[in-house]
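The values are calculated or read from the model by the stated rules, or taken from the named source; none is laboratory data. Nothing here was measured: the structure is a model prediction, and the numbers come from that model. A quick note on method: Cβ atoms are made from the backbone with ideal geometry, for glycine too, and the neighbour counts reach across all protein chains shown.
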């Protein structure tokens, strides 16, 4: 079968690869739509994980079940499904404490299995299918579902870390696709005022549609000053960091605008060597400001709840999709869009 | 000044009462609008609290600050404010653990102070004004604000007890005004499917406007059967009990439709002697089903967040207001409406 | 092989049964010690679950791995292990939300598989061995480990539901073996004053050893009065219900002694048809008192943490063991002890 | 009256100061014992807060009530009390959300009131006495109580942030007096293995007495390596940072030894300009590791619970006290001990 394979640093192309064999708990899924992500670009540019080399890239995909292993309980060929964007190990004891996702050893990037590849391929093996895939309800389109495993799931995992209470004032640093879903998630968790920080007019407009009440262009002045000017000097209850730039700058801004006792959740990946923060922004260590990185929650149970929000018209993530491509041949173009600095690109998808 | 005073069981009327004196932390507020509540009717019918006799009734009110005590920090005459619907003691050590509201000894119903009366009076003394009252933002109307201290606050306190996660399926038993705000609150906390149980067409329509996705008429069959028929037999994640009827029936239904590990929050008052539940609905004691009653959260901090939801257009509680009266003379009529079984009555208010 | 089989109501005896075959994730464990439980007695007397008939009884056992299925990762023959006291389904999506234990369809009582039996047998099949069994550390004896899967695990699950904060005052109603471990668990969670209610001198003495600071004999007067007399009228922060008697009496006492905002966790099974509570103890529905039943948490991750408490000398549950038997032939005698009302019996075990 | 006053950078001495007048909620307390703290030394050396200049230093003290304001409810002259180590504002709306301590504007260091001084004085005014002071039970000595407002309270606030579950493995970096109380607190919260990192033999011995199971001398090799060697490479569940050294080193070690999903709570103050962390220890931002600083919880409710742990013999903090002085004249000597690098000093106290 055909797959878009990572060969090494800066080198990825289509190639002919083997259809993976199935274990008793696995499913083979025929891919029907994929999305490209900045992470894919980073994977190609930096090739940071040796185990990913020689395998198809891609982690945002939906498809149709082609066949299932003998012990799969709940799926049958023909089912429309979301593929997992992460590779949680649901059979590790830590899963019993909610930590399955920290053992992503069956994810293509980390797996030692040469046949465990990404979603940029005609067929994908879903390990532990009953636990890792989610059925797409009839009322939810492929396009909607395709935004769930990474864009919605990452943002909403981050929003959960913000511990929003009714009427909270929150800030979202960065309004790329994950930031935009962070805005939608914060609105769904009962935030009142949602202040977003960005610069691209298109995404700021979209942020308003997803629930932002205040929009700040970071090119107009220091973020901290602008946020505090808006609130009359009152720090915000929580912050979602979903921005580019440097970790040092973004985290510092977050610590400076969040209240004592507030929460900062970071959903961005920063590939710098170090992060440096001023101690006064941390009150020299002597104040609660709860900070954490965020790893996307995966799994059928979570995906099912997110899909239900779409099915019940609480959320429509298709506002993120700015570019639509048709057929595997156009995948490289969709990747190029993610590489470009084109301010009109939020999320390209490829229907195959 | 004039006040609508409880004289004894079944006996309440307007009378001339003393304007209360102010302590250093108190404010005197000129009432501008009040709402009548089923609790007021119960207070008149049953007169259950000796300390309430001889004092004005009423606990839902907004007004304008007339004067303030010497040590009041943040209010000045002319400020529009919400009056507290409960009488939390913010100066008791338990307040430091979030339990202030369980010491409502400065509430008219419980207070031994003969001058500590309800809001059905021309002037109301707000004890501990900085802590108990909330300023009404310019963008929020008196009518909107008037729904906050009991209707929104009670319902949203109940919704917090439901511990809703993204995409949860919830049920709301009863769609009086608190149930309706429960629907709105559940939607704001990220529930996907919100199943409401009622029978009055007007309130069921309004429930849909506030976010209900499914509506069940309990006159059409057993509630448990109808809910499980809707969900394909899957129990719901949490239940808000906001219904009339008997506690035994309502709690039993709640235990039967909620999942193991799910939450039941009851915001209704049931003036029966006992409640009887079948042990099988509780799995003979051997399963987690988290049950609690709910006491309305009060206080400036909470009210301020709720008002901000209105200010930012996340919530408009005025859909509850079905009847508007003008002037104190019409208060008895507004109370009569609460006594009536008129299915078109949700919430009457009186502007004064 | 030999097993102590439930034949029907009131009818259980040793019989010859088939050694169960293994699936790829399963392990066969040779039983080395078991404990008898009041639940076993109830199972024999009432035979409430049709699927249990014809299978060995028993749910508290430890053993040595005899063989493992092809896909078992972490166990090998010879390993000393705890067998699961419950039959959580770790391969159901709800497990991803911490609800695996509510799907105990592989427990002998509920399983439709005629070969899925209890631990009163020479060999036991552990389904999903990597997830359901826990290895016993070298520093932990079989006797200590045998108390973990039900006695310690049930009590500690209940204690978690009490949400104890540093210095809390708690009450434990009932000091059978689970109540005693509840005392130990409450001490380990930072309770200061631990008030236990019982009547048997032996268990009350043991309660003190496990951390009880105050001991009440319910035969000396009403429990509520005695508790409040001890505390000077201050309600307790949380209650563990681990008593016999009637659910109505025990739950009512719990509601009457717990503070508003406090937690009640019930770990007892009450085989009555109904429970009746006075509405005033629930403040007519209008106060937070958080009530829940408790289902024992199982799983390798939890068992491992409990075993570690024993290994590090934080806990020694062998104080519960009052009677020791040797060999399968003495199992009926150990069951008879649980049937007896002998006040000196806490927990009998049988080494085989 | 006499007080030990901060005059400016590096300059503090006894002087005659005014006995503060009382407001209606205040109490005047005659100091009976105080402790010296590294923070006092820092206050003298750096004089970082202008409002502290001209006032008595000191924040750890106990005393006897001398007189009370007109509106004080629960204290009378002669009561033995703990004085607050922080100056939470219990009359600010944020207090209703548990954030009172973040508004310490009535603490000597921050207060603009020239008569609001520290505890190194013959008399201390306790603002909002009912909320800020705690009565010392008969069974608790002054020495025990003196360790509560900062040493125990700071450590236990930190331990609460660790979110310890039964049987967790935790690490405590640094075993000064707060670290030692962190060990005791972690044991009281159900940790199994408690690994402490220090170097002074005396404190490491004491750490074992307070519950440490493993002791690492950081002079024997890199902390991260030593911890992971002890655990067989398994990261710990949570970390309390209570060490000296540099924030960059300590936080980096904490991030490297804590598991994904684990908690890091820092109770130390680091007076550096910046902290620098390697991004790989934070997984480039893409993993949950929950980090927070810690501000000591104050208030009568919390102090009361901590005192109850001592009263019930769950905790005895007097192990911290290494040096005892008698009379105000010896206070400078007690401060000198905190300045010294004497490895035998943990906590000096002065009885007056």
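Among the residues making up the range A:76-88, those that are touching a residue at least 12 places away in the same chain (Cβ under 8 Å), in a loop (DSSP other than H, G, I, E, B) and more than 10 Å from every other protein chain (Cβ to nearest Cβ) are A:77, A:78, A:79, A:83, A:84, A:85, A:86, A:87. Only a single criterion out of (1) surrounded by fewer than 24 Cβ atoms within 10 Å (Cβ to Cβ); (2) in contact with a helix residue (DSSP H, G or I) (Cβ under 6 Å, 6 or more places away or on another chain); (3) under 23 Å from residue D:301 (Cα atoms) is not satisfied by residue D:185, namely (1). Residues in the range A:89-110 that are more than 14 Å from chain D (Cβ to nearest Cβ) and at pLDDT below 90: A:106, A:108. Of the residues screened, residue B:6 is not one that is touching a residue at least 60 places away in the same chain (Cβ under 8 Å) and assigned to a strand (DSSP E or B).
Count, please, the residues in the range C:62-75 that happen to be more than 21 Å from residue C:297 (Cβ to Cβ) and either within 12 Å of chain B (Cβ to nearest Cβ) or in a loop (DSSP other than H, G, I, E, B) (or both). Of the residues in the range C:62-75, 5 are more than 21 Å from residue C:297 (Cβ to Cβ) and either within 12 Å of chain B (Cβ to nearest Cβ) or in a loop (DSSP other than H, G, I, E, B) (or both).
Scanning the range D:188-200 for residues that are assigned to a loop (DSSP other than H, G, I, E, B) and within 18 Å of residue C:313 (Cβ to Cβ) yields D:189, D:190, D:191, D:192. Note on the range B:221-235: residues that are within 23 Å of residue B:279 (Cβ to Cβ) and assigned to a helix (DSSP H, G or I) total 5. Every residue in the range A:73-87 that is in contact with a strand residue (DSSP E or B) (Cβ under 8 Å, 6 or more places away or on another chain) and either surrounded by 17 or more Cβ atoms within 10 Å (Cβ to Cβ) or under 10 Å from residue A:150 (Cβ atoms) (or both), please. Passing the criteria: A:75, A:79, A:80, A:81, A:82, A:83, A:84, A:85. Number of residues in the range B:134-178 that are more than 25 Å from residue B:254 (Cβ to Cβ) and within 10 Å of another protein chain (Cβ to nearest Cβ) equals 1.
The set of residues in the range C:41-61 that are in a helix (DSSP H, G or I) and touching a helix residue (DSSP H, G or I) at 6+ places or on another chain (Cβ under 6 Å) contains only C:41.
Considered as a group, the residues in the range A:23-36 that are in contact with a strand residue (DSSP E or B) (Cβ under 6 Å, 6 or more places away or on another chain) and part of a loop (DSSP other than H, G, I, E, B) include one that is nearest to residue A:62 (Cα to Cα), and that residue is A:36. Inspect the range B:14-31 for any residue being touching a helix residue (DSSP H, G or I) at 6+ places or on another chain (Cβ under 8 Å), closer than 24 Å to residue B:177 by Cβ and at pLDDT 95 or above and give the result as yes or no. The answer is no, given that none of the residues of the range B:14-31 is touching a helix residue (DSSP H, G or I) at 6+ places or on another chain (Cβ under 8 Å), closer than 24 Å to residue B:177 by Cβ and at pLDDT 95 or above.
Among the residues of the range C:264-276, those identified as over 24 Å from residue C:204 (Cβ atoms) and either out of contact with any strand residue (DSSP E or B) (no Cβ under 8 Å at 6 or more places or on another chain) or crowded, with 22+ Cβ neighbours inside 10 Å (or both) are C:271, C:272, C:275. The number of residues in the range C:236-254 being surrounded by 19 or more Cβ atoms within 10 Å (Cβ to Cβ) and more than 10 Å from every other protein chain (Cβ to nearest Cβ) comes to 8. Since residue C:193 meets every condition but one in (1) in contact with a helix residue (DSSP H, G or I) (Cβ under 8 Å, 6 or more places away or on another chain); (2) surrounded by fewer than 24 Cβ atoms within 10 Å (Cβ to Cβ); (3) within 30 Å of residue C:325 (Cβ to Cβ), which condition does it not meet? Checking residue C:193 against (1) in contact with a helix residue (DSSP H, G or I) (Cβ under 8 Å, 6 or more places away or on another chain); (2) surrounded by fewer than 24 Cβ atoms within 10 Å (Cβ to Cβ); (3) within 30 Å of residue C:325 (Cβ to Cβ), the one that fails is (3). Checked against the criterion of being under 16 Å from the mean Cα position of the chain (by Cα), assigned to a loop (DSSP other than H, G, I, E, B) and not assigned by TED's automatic domain parsing to the domain that holds residue C:187, the range C:319-333 contains not a single residue that satisfies it.
Scanning the range B:305-315 for residues being assigned to a loop (DSSP other than H, G, I, E, B), facing chain A (nearest Cβ under 7 Å) and touching a residue at least 12 places away in the same chain (Cβ under 8 Å) gives a total of 1. Annotation note: Cβ proximity below 7 Å between a residue of the range C:288-304 that is within 14 Å of chain A (Cβ to nearest Cβ) and a residue that is in a loop (DSSP other than H, G, I, E, B) (sequence gap 6+ or interchain) occurs for C:296/C:85; C:296/C:86; C:298/C:84; C:298/C:85; C:298/C:86; C:298/C:88; C:299/C:88; C:300/C:133.
Residue A:338 fulfils the conditions (1) part of a helix (DSSP H, G or I); (2) at pLDDT 95 or above; (3) more than 14 Å from chain B (Cβ to nearest Cβ) except for a single criterion, (2). Considering only residues that are at the interface with chain B (Cβ under 7 Å from one of its Cβ atoms) and either more than 16 Å from residue B:240 (Cβ to Cβ) or within 25 Å of the chain's Cα centre (by Cα) (or both), which ones fall in the range C:276-286? Across the range C:276-286, the qualifying residues are C:276, C:277, C:278, C:279, C:282, C:283, C:284. Checked against (1) within 12 Å of another protein chain (Cβ to nearest Cβ); (2) over 17 Å from residue A:161 (Cα atoms); (3) surrounded by 24 or more Cβ atoms within 10 Å (Cβ to Cβ), residue A:210 meets all criteria but (1).
Among what's in the range A:264-275 and is within 14 Å of the chain's Cα centre (by Cα) and more than 7 Å from every other protein chain (Cβ to nearest Cβ), pick the residue that is nearest to residue A:146 (Cα to Cα). Among residues in the range A:264-275 that are within 14 Å of the chain's Cα centre (by Cα) and more than 7 Å from every other protein chain (Cβ to nearest Cβ), the one nearest to residue A:146 (Cα to Cα) is A:267. The one condition from (1) more than 9 Å from every other protein chain (Cβ to nearest Cβ); (2) farther than 19 Å from residue A:82 by Cβ; (3) not in a loop (DSSP other than H, G, I, E, B) that residue A:343 does not meet is (3).
Do the conditions hold for residue A:203, that is, is it more than 21 Å from residue B:308 (Cα to Cα), part of a helix (DSSP H, G or I), modelled with pLDDT under 95 and assigned by TED's automatic domain parsing to the domain that holds residue A:259? Yes; evaluated as a whole, the condition is true for this residue.
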